[in-house]
Amino acid sequence: MKSRLLTALLAVTALNVFAQDSLTLRHISDEIMLHGTCYDNLRVLCKKVGNRLSGSPQAVKAVKWGEKAMLEAGADKVWLQPVDVPHWVRGEEHLYVKAEGGRKTELSMLSIGNTEGTGGETWDAPIVMVKDLDEFNKLPADEIKDKIIFFDYHFKQDLIFTFEGYGDAVRYRWLAPNLAASKGAMAVIIRSVSTGEDDFPHTGAMRYFDTVKRHIPAVAIGNYSADWLVKKCKQGEVTAYLSAEAHMLPDMVRSYNVIGEIKGSQHPEKIVVVGGHLDSWDVGEGANDDGTGCVQSIEVIRTLKALGIRPKCTVRAVLFMNEENGLKGGLAYADSAKARNEEHIFALETDAGGFSPRGFGLDMNDKKKAQVLKYKNLFLPYGVYDFNRKEGGADISPLTKAGVPSAGLLPDPQRYFDLHHTDNDVFENVNHRELKLGAVAVTGLVYLISEHDLK
Ligand SMILES: [Zn+2]
């Protein structure tokens, strides 16, 4: 009988805890939806700083912006963590194609990030089109040598969770230049890794393999341009004329992660970290990738301060530098955490766009996952229900590897790969309510874990 009474008492206590948490989440939501500054912050980042590739002058401006925004949010302490980053420069670039008997037509293209261009000269060669790696692998080297290879691999539109389609198609961005160079190709064109029904080309990172001697140019073309090129290639021989000034500068550049924190009231030594990446590609405004993650992370600090919530554990917001083409910021943060023997109890990344939040991907052991899943119902009023995937984030991946329980915000994924790494990733393509709802979800989870720890 006694034990039954005890069980009932414990259940009531648990209910009360959740009732209190539910109320706090409501306060967090009201504060952000009514007084949130993340949308205004994003406007300044996108319109006053603009795109901000690592090593560029705009990245310097972005660091200053981040430091100021973090101070305005009311962080107890704001500091810059040094990171040495690569500096890649795009320069002028053009791709023309000419079918037999036709006119030269310019296609919408972007050099793929980190590639070497043509030194600004125009290189011309016949195009060899392949639909995938299997078809490429079957081609003898003499059919590839000195040609420009067009990989017409399509983003799998039937995969509802678009990050799966991205994982599948992005292989072509990384592999194509390396594979084609090893068989003597002059250059590579890929169909953009894109869900878009449009002609925006998507850049993004690649890396030349150590085993590949020649660093050949690689460019991506928009989906409509790719459709058109497929038609022309099927009709007969097509010649490509490519000029690109893209190159990697020899020296690394000193840059910074921007960090702001609120000291924990009971366990200041335990750290809950939330972040996004401050750098972007050198096109568009880096709005959804990942301006939204930066302003949501800053909003966590602002909201806790505005509501007078003193978290039990330390809450730290980090704007990581160089996620796009090197991950140096994420690596530097994890190195510093290790060197200073810091205890990170949880890391959360928001780098999947500023769309309506749907859930959190969780990358942690089952016991900790079970604890997070107990909070699931608290998020349902905010449309956040999906806790089933295993996701974290690139910037926090070095922490995850070191054993820190990790999570990634999962917004609705249908539009992210229309926009990211393009000229179309601009402020106007972020909705203020969706962005703020994402900030509510992120702040809610950070609050719950800093309040109850993650054991
Ligand atoms: Zn990103």
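The values are calculated or read from the model by the stated rules, or taken from the named source; none is laboratory data. From a predicted model like this one, the values you see are computed outputs, not experimental measurements. Using ideal geometry, Cβ is built from the backbone for each residue, glycine included, and neighbour counts are taken over all protein chains shown.
Only one of the numbered conditions (1) closer than 24 Å to Leu445 by Cβ; (2) surrounded by fewer than 24 Cβ atoms within 10 Å (Cβ to Cβ) is not met by Gly329, and that is (2). Which ones in the stretch 257-290 are in a loop (DSSP other than H, G, I, E, B) and either of a type in the set (S, T, N, Q) or outside the structural domain of Lys61 (by TED's automatic domain parsing) (or both)? Answer for the stretch 257-290, where residues must be in a loop (DSSP other than H, G, I, E, B) and either of a type in the set (S, T, N, Q) or outside the structural domain of Lys61 (by TED's automatic domain parsing) (or both): Ser265, Gln266, Ser280. Residue count for the stretch 205-256 satisfying the condition of being outside any loop (DSSP other than H, G, I, E, B) and closer than 21 Å to Pro86 by Cα: 10. Tell me yes or no: at least one residue of the stretch 432-441 is at pLDDT 95 or above, of a type outside the set (Gly, Ala, Ser) and assigned to a loop (DSSP other than H, G, I, E, B). No: zero hits.
Inspect the stretch 320-328 for any residue being under 15 Å from Met70 (Cβ atoms), within 14 Å of the chain's Cα centre (by Cα) and either in the same structural domain as Val442 (by TED's automatic domain parsing) or away from the ligand (no atom under 16 Å from the Cβ) (or both) and give the result as yes or no. Yes, that holds for at least one residue.
Limited to the stretch 370-385, what total is found for residues that are surrounded by fewer than 17 Cβ atoms within 10 Å (Cβ to Cβ) and either closer than 30 Å to Asp279 by Cα or hydroxyl-bearing (Ser, Thr, Tyr) (or both)? So the answer is 2.
Would the stretch 343-364 turn up any residue that is without any contact (Cβ under 8 Å) to a residue 60 or more places away in the chain and within 16 Å of the ligand (Cβ to nearest atom)? There is at least one residue in the stretch 343-364 that is without any contact (Cβ under 8 Å) to a residue 60 or more places away in the chain and within 16 Å of the ligand (Cβ to nearest atom).
Scanning the stretch 156-169 for residues that are among the polar types (S, T, N, Q) and assigned to a helix (DSSP H, G or I) returns a single hit, Thr162. Candidates are the residues of the stretch 286-304 that are closer than 16 Å to Glu323 by Cβ and among the aliphatic types (A, V, I, L, M); the one that is nearest to the ligand (Cβ to nearest atom) is Ala287. Count of the stretch 170-192 residues, restricted to those that are under 16 Å from Asp152 (Cβ atoms) and not in a strand (DSSP E or B), is 11.
If you go through the stretch 383-406 and pick out every residue that is within 16 Å of the ligand (Cβ to nearest atom) and either of a type in the set (A, V, I, L, M) or part of a loop (DSSP other than H, G, I, E, B) (or both), you end up with 6. Can you confirm whether the stretch 186-201 contains a residue that is closer than 30 Å to Asp142 by Cα, surrounded by fewer than 22 Cβ atoms within 10 Å (Cβ to Cβ) and of a type outside the set (Ser, Thr, Tyr)? No - not one qualifying residue is present in the stretch 186-201.
Scanning for something part of a helix (DSSP H, G or I), in contact (Cβ under 8 Å) with a residue 12 or more places away in the chain and surrounded by fewer than 19 Cβ atoms within 10 Å (Cβ to Cβ), does the stretch 446-453 turn up at least one residue? Yes. Residues in the stretch 407-428 that are within 15 Å of the ligand (Cβ to nearest atom) and surrounded by fewer than 19 Cβ atoms within 10 Å (Cβ to Cβ): Arg415 alone.
If you check Val283, Val274 for being modelled with pLDDT of 95 or more, β-branched (Val, Ile, Thr), under 24 Å from Glu343 (Cβ atoms) and within 16 Å of the ligand (Cβ to nearest atom), only one passes: Val274. Taking residues in the stretch 103-123 that are farther than 28 Å from Gly326 by Cα, and partners anywhere that are part of a loop (DSSP other than H, G, I, E, B), the pairs with Cβ atoms closer than 7 Å and at least 6 places apart or on different chains are Trp123/Met186. Take Leu307 and decide whether it is touching a Pro at 6+ places or on another chain (Cβ under 6 Å) and more than 13 Å from the ligand (Cβ to nearest atom). Judged against the criteria, Leu307 is not a match. Within the stretch 111-143, being among the hydrophobic types (A, V, I, L, M, F, W, C), surrounded by 14 or more Cβ atoms within 10 Å (Cβ to Cβ) and either modelled with pLDDT under 95 or within 14 Å of Ala240 (Cβ to Cβ) (or both) holds for Trp123, Ala125, Ile127, Val128, Met129. Taking each residue of the stretch 230-256 that is closer than 15 Å to Pro126 by Cα and looking for partners that are in a helix (DSSP H, G or I) and aliphatic (A, V, I, L, M) with beta-carbon atoms closer than 8 Å, six or more apart or interchain, yields Val238/Leu229.
Listed by first and then second residue, the pairs with beta-carbon distance under 8 Å, at least 6 apart or on different chains, first residue in the stretch 290-310 and closer than 15 Å to Asp30 by Cβ, second within 16 Å of the ligand (Cβ to nearest atom), are Glu299/Val442. Checked against (1) assigned to a strand (DSSP E or B); (2) out of contact with any Pro (no Cβ under 6 Å at 6 or more places or on another chain); (3) of a type outside the set (Val, Ile, Thr), Phe346 passes all but a single condition, namely (2).
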